[in-house]
Ligand code: NAD
């Protein structure tokens with residue numbers, strides 16, 4: 001069925017804002033009417049989303065190719081497949097996760113019983129970024145639906161083809177009593193943020209994250225902030241460098257480095273760096289060929305603005321692979337770039353790279369690597385490649401990051417069984433699988449006690465000597 005929903009905003013048109021107000025009102029009415037409470041109805045919406053993803057697969061895949069030059073297999077794995085997997089996992093476990101958790105209330109309240117229920121929050125807002133424009137819009141939506149909420153979805157205007165395809169998908173397959181879409185940029189998002197929501201789930205950069213948090217504070221709305229940062233990699237001496245290089249290269253150059261958990265910079269001792277470099281080059285060649293520009297598996301930067309920013313971080317004197325000479329602005333192409341001899345205060349170390357540039361930095365061992373991570377903002381992920389259990393343990397306990405992956409890059413966020421989220425400057429709150437349900441619900445304790453016998457009498461005044469001994 002095709003449902004009428006809000007029209008895409010076109011900037012100055014105040015009708016866009018009227019649409020937002022109408023959407024908010026409609027979704028409040030349907031939530032208050034209890035439309036989203038029934039678990040079977042939630043599962044039906046998840047199923048409708050799954051059906052839509054299957055039927056619209058072609059359109060969505062083409063949109064991802066148009067926006068990001070995303071290869072169709074990569075899109076199948078990291079975008080559509082990831083959401084499908086999330087739907088399957090949540091669908092399979094939802095009833096058991098929603099079963100109230102029975103708890104003892106302790107001797108003082110006995111006889112009594114207690115439980116914790118997962119209560120829907122209400123109307124939620126999901127603001128998504130452009131880099132995995134489908135996955136990062138729909139995975140939070142899966143959690144919102146599973147939690148029994150209504151949702152307004154704001155896809156990223158920076159990936160316009162995907163934004164349009166998502167709007168079509170959601171308006172065609174989901175019930176407008178549950179989900180509405182607002183397309184648009186800053187103006188529309190600003191108008192949305194003036195509304196009162198029961199949760200705002202934002203994925204993107206920390207500057208806008210602050211804008212979102214400030215707007216949310218006005219209504220005391222809780223937020224989940226999925227932000228970014230410079231995710232470090234440490235490669236220890238003695239590891240299998242061929243496998244290590246392949247895992248890092250795949251993690252880095254998938255989606256042309258435009259991944260929030262992409263390895264941002266790599267640390268190792270000078271000796272290990274020297275031995276690792278040929279393996280990194282070889283891994284790039286194995287995956288993308290001698291001329292990555294002609295590879296169907298290598299993507300493009302999202303925009304010219306983004307292209308200019310990433311290129312400004314490259315120092316060609318330090319580039320041992322790729323570099324600004326192997327770039328084409330009109331095509332938004334930048335070759336996989338490796339930089340050696342990088343210093344800690346070089347421009348490339350000043351911000352999240354978010355592109356296909358990997359700086360290699362020399363450290364004198366795990367002690368310095370840990371110290372370097374600790375002196376920076378807490379990253380979304382940290383990666384360590386080491387065979388030594390004691391070093392793995394030191395990274396786990398002595399560094400703080402959204403997550404830690406040992407022996408792999410990127411792949412760990414592909415499983416719905418691990419919560420995914422940041423800490424500190426890389427965000428707050430987490431989702432995927434059960435964590436997503438928890439983010440989109442309130443854990444409500446319900447305590448029950450019969451009126452007779454009135455055992456609470458022991459705490460009523462008058463506070464006699466016998467009661468004082470309690
Ligand atoms: P973006 O530019 O698409 O912005 C994200 C959203 O914010 C968009 O929907 C956009 O319309 C909205 N927005 C932009 N400016 C705004 C403003 N002034 N007021 C209100 N809303 C505004 O995406 P981005 O921020 O460039 O995304 C890249 C960043 O996101 C990187 O830092 C990356 O690490 C991070 N990221 C994090 C995750 C995660 O899961 N933690 C995932 C992907 C990306």
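The values are calculated or read from the model by the stated rules, or taken from the named source; none is laboratory data. Predicted model, so just to flag it, every value in this text is computed and none were measured. Cβ sites come from the backbone with ideal geometry, for glycine too, and all protein chains shown count toward neighbours.
Miscellaneous remarks
- Test for residue 308: is it at pLDDT 95 or above and under 29 Å from the mean Cα position of the chain (by Cα): yes
- Total residues in region 356-386, condition in a loop (DSSP other than H, G, I, E, B) and buried (at least 24 other Cβ atoms within 10 Å of the Cβ): 3
- Per-region count, region 213-239, residues touching a strand residue (DSSP E or B) at 6+ places or on another chain (Cβ under 9 Å) and either crowded, with 22+ Cβ neighbours inside 10 Å or assigned to a loop (DSSP other than H, G, I, E, B) (or both): 17
- The set of residues in region 343-355 that are more than 16 Å from the ligand (Cβ to nearest atom) and either without any contact (Cβ under 8 Å) to a residue 12 or more places away in the chain or part of a loop (DSSP other than H, G, I, E, B) (or both) comprises 343, 344, 345, 346.
- Total residues in region 418-428 satisfying the condition of being assigned to a strand (DSSP E or B) and either within 10 Å of the ligand (Cβ to nearest atom) or touching a helix residue (DSSP H, G or I) at 6+ places or on another chain (Cβ under 7 Å) (or both): the figure is 3.
- Looking across 253, 197, 201, one residue alone is in a loop (DSSP other than H, G, I, E, B) and surrounded by 24 or more Cβ atoms within 10 Å (Cβ to Cβ). It is 197.
- Residues within region 279-312 that are at negative phi and not in a helix (DSSP H, G or I), tallied: 12
- Single residue of region 313-324 satisfying the filter (touching a residue at least 12 places away in the same chain (Cβ under 8 Å) and outside any loop (DSSP other than H, G, I, E, B)) that is farthest from residue 64 (Cα to Cα): 318
- Filtered residue count, region 422-449, keeping only those that are buried (at least 18 other Cβ atoms within 10 Å of the Cβ) and on the phi > 0 side of the Ramachandran plot: 4
- Residue among 276, 266 that is more than 16 Å from the ligand (Cβ to nearest atom), at pLDDT 95 or above, within 24 Å of the chain's Cα centre (by Cα) and not in a loop (DSSP other than H, G, I, E, B): 266
- Total residues in region 387-417, condition in contact with a strand residue (DSSP E or B) (Cβ under 7 Å, 6 or more places away or on another chain) and either within 16 Å of the ligand (Cβ to nearest atom) or part of a strand (DSSP E or B) (or both): 9
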